[in-house]
């Protein structure tokens, strides 16, 4: 059985391909997405600091990851990334930021993951790629699925102020976010 909470030691490191260079300064679109807490969330209407971590897909217990998943740079690590945001959530809130996860998986799929990992923040489903298309977020294809590349956006009053991409290892993402919020 695969242990999704630990990263293999030999993962390929993703390279910056410039696919997010256009994002800083953009306005978050007024698009409502289904949340794991049952509500619709409009990221473009959120005030204050919002951390939106976009990830490809989380694995599920007893279900194999797509073939070759570990060889795709940046694909592996969604569970460690989510757990790291969970573990640093209170500190991120003290720094004045809300946290939201986002993937193209169904809300029901995300709900299982959010409950299993005890996530204290919502995870949004961009199942129809509305958010991805509006911001032209980078994607890749695995096992016939078009998935988001791992990218984290920090917005303030719906304007993207910082972009973390590529992210490696995935569980280092919250530390990068906290350093940014602290002005380091």
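Throughout, read-outs are computed from the coordinates displayed, never taken from laboratory work. Here the structure is a predicted model, which is why all the values come from computation and not from measurement. Methodologically, a virtual Cβ is constructed for each residue, glycine included, from the backbone with ideal geometry; neighbour enumeration extends over all protein chains shown.
Here are the numbers for the structure shown:
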item	result
Ordering of 113-122, 73-82 by packing [mean C-beta count within 10 Å, highest first]	73-82, 113-122
Helix 107-117 vs. the chain, principal-axis angle (Cα, 0 to 90°, nearest 10)	80 degrees
Fewest-first sequence of 54, 83 by Cβ atoms within 10 Å of each Cβ	83, 54
For q = 0.12, 0.18, 0.19, 0.25 Å⁻¹, Debye-computed log10 I/I(0) when each Cα of region 48-120 counts as one equal scatterer	-0.35, -0.75, -0.83, -1.25
Angle between the chain longest axis and helix 78-87 axis [Cα atoms, degrees, rounded to 10]	50 degrees
Rounded Å value of the spacing that divides the Cα centres of region 142-169 and region 20-63	9 Å
Calculated Rg and Dmax of region 32-181 using C-alpha coordinates, Å	14.2, 41
